[in-house]
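Everything below concerns the one structure shown next.
The values are calculated or read from the model by the stated rules, or taken from the named source; none is laboratory data. Owing to the predicted nature of the structure, the values given are computational and were not obtained by experimental measurement. Here Cβ is always computed from backbone atoms with ideal geometry, including for glycine, and neighbour counts include all displayed protein chains. Areas reflect the complete protein model, heavy atoms only, side chains present, ligands, DNA and RNA absent. Shrake-Rupley method; radii C 1.70, N 1.55, O 1.52, S 1.80 Å.
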Amino acid sequence: MKTRILTADAAAIEAAAALLAASELVAMPTETVYGLAGNAFDEQAVLKIFAAKERPSFDPLIVHLAPDAGRDLAELARRELIDPAAVALGLRPALDALIAAFWPGPLTLVLPRHPRVPELVTSGLATVALRVPAHPVAQALLARTFPLAAPSANRFGRISPTDAAAVFQELQGRIPLILDGGPCRIGLESTVLGIEADQLCLLRPGQLSAEELAATAGVTIRPQAPHPAEIRAPGMLKSHYAPLSPLDLVQAQAEIPALLQARPGRPGLLLLRPNPELEAIMATRGGRLISLSADAALDEIARGLFAALRQLDGLDFLIAELPPAGSGLAHAIRDRLQKAAAR
Ligand code: TXA
Ligand code: MG
């Protein structure tokens, strides 16, 4: 199959909508990362998503909705996406407040599934993950189609793509069309919230922090609990988002010269801010150094992180600097780097 990349203008969006209506797949930009979209209510399309990504069928997909479909829990139920009877009564005001404040935006809610949502989408779980993307191209596509199942547009276990070229690198020959909407504004996948024992809990950290979400929801949010024995979201698997080159993490730039000296071969260095001393050392080593921000600004680091890992991948070994522990983007960046390093 030939994979076309089209600038996401009105004609390209029409072409994409026609492909989706014919059970085909289209890669689309969102504000977080690029997604690989197919009709969520069409099992043939959903099967193609798992095949193109080589994704195991036990890893459920996020269903993307147009803003009018995601107004509140009542609307989600009316559209046969969730089973409102299964949402704990006490959590309804909290969930409606989150929806009102953060949709469209980088928040995914895992809610009791409506029986009409194909089990293939939810990997047989009793819940479905829902999100209303803020990107104008994703919204234009959703306005012309139906709820779209869309995982990140990478092969399973690989780094999420944040521009059209990265999608092409991952899925070339496997899908007919990539809508090019430029680089993603956030660069890391959405925050995922689920419900456990009638409490909201953080399943995947993202730009929106648990504190910020809890303040809006008016309830506490249980922190992400890494239970290797009972993984609910494979986004919680330890090794994920992985480059092919071995990756070491450091907490401070001062640790790097000794590591460089100890290892032979061409290094790839990922820094949060520039460092002239390390640039001088690297000039003698023939590797590559990327510094993500002039002043270690977290939003800039998040935006550039996956593209930088992709550029450095293939060197003999990689070293990346972790941001200090924190919530929101700091938590999400550390989470993705730690998963990339866990091989
Ligand atoms: O920002 C994003 O969320 C991007 C863009 C394209 O929207 N999408 C994305 O999809 O990251 P994906 O498939 O790469 O990650 C979805 C995560 C996975 O960790 C999956 O296991 C989890 O959400 N998930 C989906 N449905 C779930 C469910 N019913 N219960 C628990 N976790 C679920
Ligand atoms: Mg993914």
Given (1) farther than 12 Å from Leu315 by Cβ; (2) open to solvent by 50 Å² or more (accessible area, probe 1.4 Å); (3) not aliphatic (A, V, I, L, M), Arg263 misses just (1)
The one condition Ala280 fails out of (1) in contact with a helix residue (DSSP H, G or I) (Cβ under 8 Å, 6 or more places away or on another chain); (2) open to solvent by 30 Å² or more (accessible area, probe 1.4 Å); (3) over 22 Å from Glu31 (Cβ atoms) is (1)
Out of (1) open to solvent by 30 Å² or more (accessible area, probe 1.4 Å); (2) away from ligand 1 (no atom under 12 Å from the Cβ), the one Ile178 does not meet is (1)
If we keep only residues of region 290-303 that are surrounded by 19 or more Cβ atoms within 10 Å (Cβ to Cβ) and closer than 19 Å to Leu247 by Cβ, then the residue nearest to the chain's Cα centre (by Cα) is Ala302
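Residues checked against (1) over 19 Å from Gly326 (Cβ atoms); (2) touching a Cys at 6+ places or on another chain (Cβ under 7 Å); (3) within 15 Å of ligand 1 (Cβ to nearest atom); (4) modelled with pLDDT under 95:
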site	(1), (2), (3), (4)
Gly173	yes, no, no, no
Cys184	yes, no, yes, no
Leu200	yes, no, yes, no
Leu208	no, no, yes, no
Pro223	no, no, no, yes
Gly235	yes, no, yes, yes
Lys238	yes, no, yes, yes
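Restricting region 153-168 to residues that are open to solvent by 30 Å² or more (accessible area, probe 1.4 Å) and within 22 Å of Ile301 (Cβ to Cβ), which is farthest from ligand 1 (Cβ to nearest atom)? Before the answer, list the steps.
Residues of region 153-168 that are open to solvent by 30 Å² or more (accessible area, probe 1.4 Å), as a first pass: 155-156, 158, 163, 165, 168.
Subset that is within 22 Å of Ile301 (Cβ to Cβ): 158, 163, 165.
On the way: Arg158: 10, Asp163: 13, Ala165: 17 Å.
Of everything passing the filter in region 153-168, Ala165 is farthest from ligand 1 (Cβ to nearest atom).
If you go through region 73-119, how many residues are among the charged types (D, E, K, R) and either within 12 Å of ligand 1 (Cβ to nearest atom) or open to solvent by less than 40 Å² (accessible area, probe 1.4 Å) (or both)?
Initial filter on region 73-119 (among the charged types (D, E, K, R)): 75, 78-80, 83, 92, 96, 113, 116, 119.
From what's left, either within 12 Å of ligand 1 (Cβ to nearest atom) or open to solvent by less than 40 Å² (accessible area, probe 1.4 Å) (or both): 75, 113, 119.
Qualifying residue count for the region: 3.
For (1) in contact (Cβ under 8 Å) with a residue 24 or more places away in the chain; (2) farther than 25 Å from Pro223 by Cβ, each residue gets a yes or a no:
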residue	(1), (2)
Leu292	no, yes
Asp295	no, yes
Asp299	yes, no
Leu309	yes, yes
Leu312	yes, yes
Phe317	yes, yes
Glu321	yes, no
Gly328	yes, no
message = Checking the structure you have, find out if any residue of region 22-34 is open to solvent by less than 20 Å² (accessible area, probe 1.4 Å), on the phi > 0 side of the Ramachandran plot and among the polar types (S, T, N, Q).
response = yes
When region 133-149 is checked residue by residue, the ones that are touching a helix residue (DSSP H, G or I) at 6+ places or on another chain (Cβ under 8 Å) and either surrounded by 23 or more Cβ atoms within 10 Å (Cβ to Cβ) or without any contact (Cβ under 8 Å) to a residue 60 or more places away in the chain (or both) are Pro133, Leu141, Leu148, Ala149
Of the residues in region 240-262, those that are of a type in the set (D, E, K, R) and either at pLDDT below 95 or under 30 Å from Arg55 (Cα atoms) (or both) come to Asp248
